[in-house]
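The values are calculated or read from the model by the stated rules, or taken from the named source; none is laboratory data. If you're wondering where the values come from, they're calculated on a predicted model, not measured in any experiment. Backbone-built Cβ (ideal geometry, glycine too); neighbour counts: all protein chains shown. Surface areas here come from the heavy atoms of the whole protein model, side chains and all, with no ligands, DNA or RNA. Shrake-Rupley method; radii C 1.70, N 1.55, O 1.52, S 1.80 Å.
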Amino acid sequence: MEFEKWLVERLKARGFYKLNDVNPRGLIDALKAFQKANDLTQTGTADDVTVHELRKDVGGAGSSQFQLGPAKPADPIWMREARRQMGILEVPGPKSNPMILGWAKALGGWVASFYKDDDTPWCGLFAAHCIGLTLPAEKLPTNYLSALAWADFGIECEPAIGAILAFRRDGGGHVGFYAGENADSYVVLGGNQGNSVKLSNVEKRRCVGIRWPKTGGAQIGGRVNAIASGGLSRNEA
């Protein structure tokens, strides 16, 4: 969050951010407004050109004066949102975690009324929350609650941090984000893994799609050697 806080400070100093905290939607709108005012491509993301422009001192004498601030994170923005939600758990019994139901409400449409409780599978919902919140111009799968629908999302890509991984399982599918890999499995950051948002090892042979958002910018880095604690995930429902 350090980088996002720096973005907010720089945008506030220029009059483009009006909120008192780091709100992802507010940050996107402020970035677009800043980009428009500076004749930059209006992506709503902190791309390299935008960050370079924001580093310039407000009222500085010439473009040679910069405030460097924190380094731009290697994780794409939707992966940072996914990491921020790690530890979110279903509530046992008749009650539900309001955070999970809140994702459905924020996405709106029929999905908002579909989720009555957190017993309804929500890995696709979690992926849609992370992508939809941080990349508002990105077209989500028509039925993004279906994990297998993510196998055709965006564009095909090689494994890299934040890539969307779609898997088959008995009775359905699963979707999550690439966080690394080992010889036989991908380390996946996803929702509804052990009824929570966490890292899990999912067998590579089950993977049916590796995708990247069309508006997500260029991939940073490539494959990462990693391992999640615990054994292989067998059922993510």
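In the context of the full set of protein chains, residues of region 89-152 present 49 Å² of accessible surface per residue (probe radius 1.4 Å, heavy atoms only).
DSSP finds beta bridges in the chain, and of those with both partners inside it, around 90 percent are antiparallel. The GluC sites (Glu not before Pro) found in region 82-159 that occupy coil by DSSP, while having at most 16 further C-beta atoms within 10 Å, are E138.
For trypsin sites (Lys or Arg not before Pro), the sites in region 139-237 that DSSP calls loop and that have at most 15 other Cβ atoms within 10 Å are K139, K214, R223, R234. Net charge of the neighbourhood of K18, taken over other residues with C-beta under 15 Å away and scored Lys/Arg +1, Asp/Glu -1, is +2. One chain, two ends: E2 and K18. Fully extended at 0.36 nm per residue, the span grows by 3.9 nm beyond their Cα-Cα distance. Report, to the nearest whole %, how much of the accessible area of region 84-175 belongs to carbon and sulfur atoms, 1.4 Å probe, protein only. Within region 84-175, the accessible surface is 56 percent carbon and sulfur. Using the Cβ of T50 as centre and a radius below 13 Å, the other residues enclosed give a net charge of +3, where K and R count +1 and D and E count -1. A cut-off under 12 angstrom between Cβ atoms defines the neighbours of G93, and their net charge, with Lys, Arg +1 and Asp, Glu -1, is -3.
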